[in-house]
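A.B. asks: Starting off with a structure, shown below.
Quick note: the coordinates plus some simple rules give every number you see, no bench work behind them. Given the structure is predicted, the values throughout are model-derived calculations rather than measurements. All Cβ positions, even for glycine, are placed from backbone atoms using ideal geometry, and neighbour counts span all protein chains on display.
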Amino acid sequence: MKRLKVGIYGNNNILEIDKNCMLRDTNIIIQGKNLKVIIKNNCEIGGATIVCAGEKSSIEIDEYCLIASNIEIRNNDGHSIFENDKLINPSSNIHISNNVWICQNVKILKGVNIGSNSVIALNALVSSGKYEDSVILAGIPAKIIKRNISWSKELPN
């Protein structure tokens with residue numbers, strides 16, 4: 001781990017980074033109560049800001065994920081919005097399944113669930129939704145542009 005910055009504020013919050021993870025130039029902020037950020041085995045993060053804030057929610061990154069630079073993963077909007085004194089923008093979980101490749105400059109917002117073996121293309125904004133396995137997501141907002149894909153860390157021939 002190189003140039004990893006962690007800030008944990010509040011009560012009953014958990015940060016778990018499992019075995020064989022490589023994190024560089026990454027900021028992790030947990031602010032609130034009963035929050036979890038979990039990064040499972042064998043993940044590589046090359047420069048991300050991960051913000052988990054609010055109450056009772058989580059950001060989970062499963063095994064073998066490859067995350068490029070200038071990535072933002074946020075389970076909240078940063079500020080509260082009320083309608084008739086009722087909070088209308090609560091925090092929401094983010095789940096990134098096994099073997100997901102997140103390309104440079106991607107933003108992932110609250111309530112997103114990325115299926116395993118998927119790719120999120122350069123500059124995509126994934127703002128909501130549950131996505132199936134083995135897809136490529138691209139665009140603003142991100143949409144599925146290919147299905148039934150697989151990917152490898154190996155350079156193409």
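A.B. asks: Direction-averaged shadow area of the convex hull around the Cα atoms of region 106-157, nm²?
C.D. replies: 3.7
A.B. asks: If you split all Cα-Cα distances of region 69-157 into 10 Å bins from zero, what percentages do you get per bin, shortest first?
C.D. replies: With a bin width of 10 Å, the distribution comes to 17, 46, 24, 10, 2, 0.
A.B. asks: Take each of the peptides 103-116, 3-16, average the number of other beta-carbon atoms within 10 Å over its residues, and list them starting from the highest.
C.D. replies: 103-116, 3-16
A.B. asks: Now a separate question. Stick to Cα atoms and the Kirkwood definition of Rh, then tell me Rg/Rh for region 1-71.
C.D. replies: Ratio of gyration radius to Kirkwood radius: 0.96.
A.B. asks: Hey, another quick one. Contour minus end-to-end for residue 31 and residue 69, with contour as 0.36 nm per residue of separation and end-to-end as the Cα-Cα distance?
C.D. replies: 11.4 nm
A.B. asks: In square nanometres and to one decimal, what's the mean projected area of the convex hull around the Cα atoms of the chain?
C.D. replies: Values: hull surface 38.2 nm².
Projected over every direction and averaged, the Cα hull of the chain covers 9.6 nm².
A.B. asks: Another question, if that's okay. Might you report the magnitude of the Cβ-based charge dipole of region 2-147 about its Cα centre, with Lys and Arg at +1 and Asp and Glu at -1, to the nearest 20 debye?
C.D. replies: Dipole size: approximately 200 debye.
A.B. asks: Roughly what % antiparallel, to the nearest 5, for the DSSP beta bridges in region 2-147? Walk me through the numbers on the way to the answer.
C.D. replies: Details: 6 of 55 bridges.
Antiparallel: roughly 10 percent of the beta bridges in region 2-147.
A.B. asks: Got a sec? Which residues in region 1-38 would a label at residue 79 touch, if it sits 7 Å along Cα→Cβ and we count backbone N under 19 Å?
C.D. replies: 31-32
A.B. asks: Peptides 129-141, 31-43, 79-91: what's the order by average Cβ count within 10 Å, highest mean first? Mind dumping the intermediate values first?
C.D. replies: Details: 129-141: 16.3, 31-43: 18.5, 79-91: 10.5.
For the peptides 129-141, 31-43, 79-91, the packing ranking is 31-43, 129-141, 79-91.
A.B. asks: Any idea how many Lys pairs in the chain come in under 17 angstrom at the alpha carbon, given 8 or more places apart or on separate chains?
C.D. replies: So the count works out to 14.
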